[in-house]
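Here, each number is a calculation from the coordinates, and none is a lab measurement. Please read all numbers here as calculations on a predicted model, not as lab measurements. Note: ideal-geometry Cβ built from the backbone for every residue, glycine included; neighbour counts use all protein chains shown.
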Amino acid sequence: MTSVVETVVATVRAVQAALLVVTGLQLTGYMWPPSATVSNGATYDFIIVGAGSAGSVIANRLSEEPSLKILLIEAGGDPPIESVLPGIFPTIPNSAYDYNITSENDGYTSQNLKNGVAGLTAGKMLGGSSSLHHMIHVRGNPNDYEKWAQAANDEAWNYWNLLEYFIKSEKVEDENILAVEGTQYVGTDGYLRLTKQPSEDNAPIFAAFNELGHEIVLNSNNPFFTVGISEPLLNIADGLRQSAAEAYLRPIADRSNFHLLKNTQVTKVLFDDSNNAYGVEAITADGETITINAHLEVILTAGALITPQLLMLSGVGPREHLESYNIPVISDLPVGKNLQDHIPAIVVHTLAPGEPVTAPANPHLFPVPTTTAYSALDMNQAYPDYQTINLIFPPDSTALIQFCSLVFAYKDEICQGFFDGGSGKSTLFTVHNILYAESRGEVLLRSANPTDAPIVKHGIYSNETDLHNMALYLQHFSRIVNTTAFRDMGSELVELDLPECNNLERNTYDYWRCYALNLSATMWHYSSTSSMGPVLDSNLRVKGVQRLRVADASAMPNPTSGNINAAVVVLAEKAADLIKITYGPSPRSQ
Ligand SMILES: Cc1cc2nc3c(=O)[nH]c(=O)nc-3n(C[C@H](O)[C@H](O)[C@H](O)COP(=O)(O)OP(=O)(O)OC[C@H]3O[C@@H](n4cnc5c(N)ncnc54)[C@H](O)[C@@H]3O)c2cc1C
Ligand SMILES: *[C@@H]1O[C@H](CO)[C@@H](O)[C@H](O)[C@H]1NC(C)=O
Ligand SMILES: *[C@@H]1O[C@H](CO)[C@@H](O)[C@H](O)[C@H]1NC(C)=O
Ligand SMILES: *[C@@H]1O[C@H](CO)[C@@H](O)[C@H](O)[C@H]1NC(C)=O
Ligand SMILES: *[C@@H]1O[C@H](CO)[C@@H](O)[C@H](O)[C@H]1NC(C)=O
């Protein structure tokens, strides 16, 4: 017999295939800058590698200066309709727009995910991962940036000194936030449009969290926010996803000093005898290998999994590892080490009984009502310990299966368990994740061939402290069933059949510790693989070479406490200014 999970997965695969056919119609082609013709041996002032969250920002800001010739190179092509419509992102993982990189099976974590590995989804298209991410906009806590400043040994990276870049990047369009908070800390004139999607359905969730000591706030991005709950700001405006491509590239299509080269994979950074990065080697859409020169700098923004791979292929990385592939070492640095992520577990509770929703969902909206909460064991602490993203699914919703099975990629038994356990009721699907993980993973070369994916040792729970803390946090969160709002609904935890945990007493530390490991997955917040401190100086320059910077999620010393895209954008905004300061307004006339 075919299970409902198998049916939903098969349906989405069929939808993916159909969408691939629709891609031929180029429905979204009009939205994006065209691809430039770049010949072998061409020269630009700056070459930016990767048009994702960071690369799009930097291309925009550097090309504001008309005298600078900018080339942005992207391995993927235009984002398809399923990216542009914010409501159907579960169809994107494992499609042509995902690199399909997975973690290595460590035989310990992620064992309830498909194939025992985490699907490290990463976008291959204009906008990169911002063209498939889940659009929750979180600045993070000032404490996170204090750590950046310490790692970089440069106060320029503390929150208060970065605040101007948050404000510069954001365009908050929520009337309530603007009415209450004004514009002192809130950006209103940036490229990144931000809205909220309030829902009455969130009322019992707010009430329950409030009873557990969370203040209900309008804007959890306020710099003085520590713990509490709110409806998040979303990268959605006018019913469209506000990817970095939509926000930062679409408006600059007509800048003549900005060239975009699509469907072209950079394979190597080229160095001269004095360790100056002078250009890149790339494979074009036609399969031709070309060299392009950078008169001033090469800037790597290929994401936290591929930027370290590119560095290592170019001779920048751990000596022994590079020599094992006969790659001549240009700078011996711990590239690829220190991989960090947030570690999640999914917890599902039943809410009020009801009928399944039969009306078609509006694809222009975030799929379901959502709140995000930031919590700490000590609620007086100045920063949170864990985040919960609380999604409300209607009764018997196949969307729950899509999230469980296609986005998180849990095995069918797990998703079937959540689905059956919630039958006939709305469900609260909580993405519960640890914000400050001690565990570290690693990105390594699989071979010296740039078309082979890197090896990613995810490393989650490699430090026991994280499992211990996660158990405490899950136990802390589980108190929600005893709140008045949840009792009134007859709410219950949906219990999964986890053979190795079943004999443990429910609700104990030991049970939640077992649960945490059994539900371990990825939050896709890969970061810090070529970071300020060990690999980069505080101006994001790669140590031991010249004219090469890294300015994506790889560069941050630690992930911020929440979803990290806003921090990547801010890092890139700051990078663009650092570069402009280095070269002054008109380097060619100097
Ligand atoms: C499934 C998922 C959900 C997420 N949800 C959220 C969320 O709700 N909120 C949030 O804040 N964050 C979220 N994130 C995280 C956030 O999207 C990423 O941290 C951020 O986009 C990373 O930006 P980046 O610039 O470092 O890399 P990317 O945006 O991934 O950009 C890298 C770009 O480089 C290109 N590239 C790679 N290699 C090459 C090469 N060799 N040559 C040329 N181009 C190359 C890629 O194709 C890509 O376009 C999510 C991430 C994922 C994967
Ligand atoms: C990812 O996997 C899917 C399904 O196997 C495949 O169709 C797609 O082409 C892959 N993506 C890339 C970039 O290779
Ligand atoms: C785990 O994290 C703790 C706390 O930071 C640290 O003291 C310890 O050295 C780490 N252990 C390992 C094995 O890395
Ligand atoms: C809820 O309250 C009951 C009765 O006080 C208690 O036995 C139970 O452990 C509580 N549940 C949780 C999850 O805290
Ligand atoms: C579940 O957790 C137990 C206890 O930690 C562990 O022995 C078991 O391997 C885990 N199973 C899975 C599938 O993760």
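How would you rank Met470, Met312, Met31, going from fewest to most other Cβ atoms within 10 Å of each one's own Cβ? Write out the running numbers ahead of the final one.
Values: Met470 28, Met312 25, Met31 16.
Starting with the residue having the fewest Cβ neighbours, the order is Met31, Met312, Met470.
Taking every alpha-carbon pair in region 1-62 and binning the separations at 5 Å intervals from zero gives 4, 12, 12, 14, 13, 12, 11, 9, 6, 4, 2, 1, 0 percent.
Using only side-chain charges placed at the Cβ, +1 for Lys and Arg and -1 for Asp and Glu, the dipole size of region 271-414 relative to its Cα centre rounds to 360 debye.
Given a Förster distance of 51 angstrom, what is the FRET efficiency for Asn276 paired with Ala207, based on the Cβ-Cβ distance and rounded to 0.05? The partial results should precede the final answer.
On the way: r = 61 Å, r/R0 = 1.19.
It comes to 0.25.
Region 12-58 and region 453-494 have Cα centres spaced 38 Å apart. Remark: relative contact order (the chain) = 22 percent; criterion is Cα-Cα distance under 8 angstrom and separation of 6 or more residues. Computed extension gain for Tyr509 through Lys457, at 0.36 nm per residue and net of the alpha carbon distance, reaches 16.0 nm. Residue separation of Lys147 and Leu27 scaled by 0.36 nm, minus their Cα-Cα distance, works out to 38.8 nm of gained length. Mean residue ellipticity, 222 nm, helices only, the chain: the sum of -39500 (n - 2.57) across DSSP H runs of n ≥ 4, divided by residue count and rounded to 500, is -7500 deg cm²/dmol. In order along region 517-526, the Karplus-derived 3J(HN,Hα) couplings, from 6.51 cos²θ - 1.76 cosθ + 1.60 at θ = phi - 60°, round to 5, 5, 9, 5, 7, 10, 9, 6, 9, 4 Hz, and Gly and Pro are given as x. Among Leu444, Leu391, Leu548, the order by Cβ neighbours within 10 angstrom, fewest to most, reads Leu444, Leu391, Leu548. Exposed loop sites here mean GluC sites (Glu not before Pro) with a DSSP loop assignment and at most 16 other beta-carbon atoms within 10 Å; the chain contains its longest site-free run at 289-437. Sorted on the mean count of surrounding Cβ atoms within 10 Å across their residues, most packed first, peptides 327-334, 271-278, 128-135, 515-522 read 128-135, 515-522, 327-334, 271-278.
If you plug the beta carbon distance of Gln381 and Ser3 into 1/(1 + (r/R0)^6) with R0 = 51 Å, you get a FRET efficiency near 0.75.
3J(HN,Hα) along region 465-475: 3, 5, 5, 4, 5, 4, 4, 5, 5, 5, 5 Hz, from the Karplus curve 6.51 cos²θ - 1.76 cosθ + 1.60 with θ = phi - 60°, whole Hz, x for Gly and Pro. For Gln546, the residues whose amide H sits under 5 Å from its own are Asn276, Ala277, ignoring neighbours fewer than 5 places away on the same chain, with H placed 1.01 Å from N. Here region 451-465 is scanned for amide nitrogen atoms under 18 Å from the site 7 Å beyond the Cα of Ser324 along Cα-to-Cβ, giving 452-459.
Between the alpha-carbon centres of region 164-238 and region 517-546 there is a gap of 28 Å.
Give me the net charge for the shell around Val4: Cβ to Cβ below 12 angstrom, other residues only, Lys and Arg +1, Asp and Glu -1. Could the numbers behind the result be given before it?
On the way: positive: none; negative: Glu6, Asp396, Asp412, Asp420.
Residues close to Val4 contribute a combined charge of -4.
Here the chain is scanned for trypsin sites (Lys or Arg not before Pro) in DSSP loops (not H, G, I, E, B) that have at most 12 other Cβ atoms within 10 Å, and the longest stretch holding none of them is 1-445. Taking a straight Cα-Cα cut-off under 17 Å and skipping sequence neighbours fewer than 8 places away in the same chain, the lysines within cross-link reach of Lys411 are Lys114.
Taken about its Cα centre, the chain carries a charge dipole of roughly 1080 debye when the Cβ of each Lys and Arg holds +1 and the Cβ of each Asp and Glu holds -1. Look at the dipole of the chain built from charges on Cβ: of Ser554, Asn257, Ile177, the Cα furthest out on the positive end belongs to Asn257. The charge dipole of region 81-150, taken about the Cα centre with unit charges on the Cβ atoms of Lys, Arg (+1) and Asp, Glu (-1), comes to about 120 debye, rounded to the nearest 20.
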